[in-house]
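The values are calculated or read from the model by the stated rules, or taken from the named source; none is laboratory data. Computed from a predicted structure; not experimentally measured. Neighbour counts are summed over all protein chains in view; Cβ atoms, including those assigned to glycine, are modelled from backbone coordinates with ideal geometry.
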Amino acid sequence: MSTDTPLSPAFSSRQTLPLTPTGSLPPFLLRGAEPDLAAASRISPVRTPLAFFAPTKPESRTLRAAADVEIRTIPVVICNRVTIGLYEVRPTKDFCLGAECYRSPRGRFLSINQEVKRIIMGDKMVELDKTGKIVLDHVYNEPDPRPYFSALQAFDYSIPGEAAPVFRQVIAALRETGETQPLNLVDLGCSYGVNAAILKHGLSMDDLYSRYAGAGTADLDRDILIARDRNFYTDNPADPDLEIFGLDVADKAIDYAVETQMLDGGIAANLETGALPETAADPVAEADLVISTGCIGYARQPTLKKIIEAGNGNPPWMAHFVLRMFPYEPYDDLLSEYGYVTEKLSGTFRQRRFASADEESRVLDNLAAINVDPSGKEAEGWYHAEFHLSRPKAAAEEAPLDRLFRH
């Protein structure tokens, strides 16, 4: 990117602040709860001078840079990148900000020093949960999906798009039974309705990233965003005979998806610890298909049991993409008690890139503990999921999995 690159409308004032090896940063980056970049810059020299641009809106004290970096709208730290607010400083060359680059324990990619990441973004940005995954709770339940898509774009989050052709094949097989018009689908762990946007409204992950993390989106008022989305999703059902009801613990995410008609309905509930709410009883009982793209492992047997028992003897098909670090056998055992037969599709599906060397190392250790070989998959820097289809025995015998996906 040239230093002559025009500023976006949000950045009309320019300050050129070359950083020296000792490091210094403008005070507008250091106020209040803003990340302490000055402390980060003192840890080790910055290799290349940058031109920083001060935003005209003080409340959005974001960092803008030119010269040897490119700008994207992603609010996380990952690998060789540093982000403040909604704007990312991403090196286009062999460059690091605030720390020497180093290779991960598996020698695969460059990553910023863990101490720098902690200082820049705070402990919660690099915290790992008990499964080894980075904690991203701060984007999962916001009033609208912009932080969610901006954050996950940094990790090349792709599993909903990878899963869509498989789900469509399963939906087609259900429709061939002639008993599902419209077809009622429950999305477990639906978040902001990503699977609904793809399956019902015909969008792709690239479309969603452009829609919620693209240029010109960050400054939109939430009410304007809702009105825009409601008009779009109401007028553009690619599959109008698909009714999608969402279940998730994130109430704000559910509210947004329902208010904009991305989802036909939904409710926030934690079925691990609580009962199925009465308002969700009918949609879940009427479900023909229950899907998930990464929820299983966090949603466990109690959740599936409550969903099955809500059906009153009419068990829905279950189509789950499950990360390989979560063994599916306990779920298979539970489902078999209710007369299900589970089949696994051959191959794996990429979910997202690892967020850090620590996350990669923890996940590879978890896989080793359950004797799963990561070669060519997780060892290449990506989470991988497998697809499990669980159906009542009669349906599984009538149309085995290999027949469903033969063409």
### Members of the stretch 264-310 that are part of a helix (DSSP H, G or I), crowded, with 18+ Cβ neighbours inside 10 Å and among the polar types (S, T, N, Q)
THR303
### Task
Report whether or not GLN169 is out of contact with any strand residue (DSSP E or B) (no Cβ under 7 Å at 6 or more places or on another chain) and at pLDDT below 90.
no
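For every residue, the table says whether it meets (1) in contact with a Ser or Thr (Cβ under 8 Å, 6 or more places away or on another chain); (2) of a type in the set (A, V, I, L, M).
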site: VAL372; (1), (2): no, yes
site: LYS377; (1), (2): yes, no
site: PHE387; (1), (2): no, no
site: PRO392; (1), (2): no, no
site: GLU398; (1), (2): no, no
site: LEU404; (1), (2): no, yes
### Task
State whether one or more residues within the stretch 183-204 are touching a strand residue (DSSP E or B) at 6+ places or on another chain (Cβ under 9 Å) and either of a type in the set (Val, Ile, Thr) or outside the structural domain of LYS306 (by TED's automatic domain parsing) (or both).
yes
### Query
Among the listed residues ARG230, ARG175, which satisfies the condition of being part of a helix (DSSP H, G or I), modelled with pLDDT under 95 and among the basic types (Lys, Arg)?
ARG175
### Task
Say whether the condition of being within 30 Å of GLY311 (Cβ to Cβ) and crowded, with 18+ Cβ neighbours inside 10 Å is met by at least one residue in the stretch 217-225.
no
### Query
Got at least one residue in the stretch 304-319 being assigned by TED's automatic domain parsing to the domain that holds SER158, within 19 Å of the chain's Cα centre (by Cα) and modelled with pLDDT of 95 or more?
yes
